[in-house]
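The values are calculated or read from the model by the stated rules, or taken from the named source; none is laboratory data. This is a predicted model, so every value here is computed, not measured. With ideal geometry, Cβ positions are generated from the backbone for all residues, glycine too; neighbour counts draw on all protein chains shown.
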Amino acid sequence: GSSGSSGEKTVRVVINFKKTQKTIVRVSPHASLQELAPIICSKCEFDPLHTLLLKDYQSQEPLDLTKSLNDLGLRELYAMDVNRESGPSSG
């Protein structure tokens, strides 16, 4: 941890994943979703490269990663693992 009391205000955000599981992350509501994605993915143990952030698991539209939680007015997200190809990755 970095010591330094900047007093950045964070909010509790519920991250749903795998339809039934959920976890809580504390993030800044002003940070863009692309900044939050690595935090969310590490919590869910997903690969950020293969994770979509949706409003809920029924949503077909990925969220705009350039927007923040405040922009979207959300305090709950669904993280979808799109890396369905369970084969050896070439590269």
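Tabulated data for the structure shown
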quantity	calculated
The lone exception for residue 65 - which of (1) loosely packed, with under 13 Cβ neighbours inside 10 Å; (2) within 12 Å of the chain's Cα centre (by Cα); (3) more than 18 Å from residue 10 (Cβ to Cβ) it fails	(1)
Members of segment 46-56 found to be modelled with pLDDT under 95 and under 17 Å from residue 27 (Cα atoms), listed by number	48
Members of segment 50-67 found to be part of a strand (DSSP E or B) and in contact with a Leu (Cβ under 7 Å, 6 or more places away or on another chain), listed by number	53, 54
Enumeration of residues in segment 32-49 that are at negative phi, outside any helix (DSSP H, G or I) and among the acidic types (Asp, Glu)	47
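Conditions tested, residue by residue: (1) at pLDDT below 95; (2) under 10 Å from the mean Cα position of the chain (by Cα); (3) at negative phi.
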position: 58; (1), (2), (3): yes, no, yes
position: 61; (1), (2), (3): yes, no, yes
position: 72; (1), (2), (3): no, no, yes
position: 75; (1), (2), (3): no, no, yes
position: 79; (1), (2), (3): no, yes, yes
position: 83; (1), (2), (3): yes, no, yes
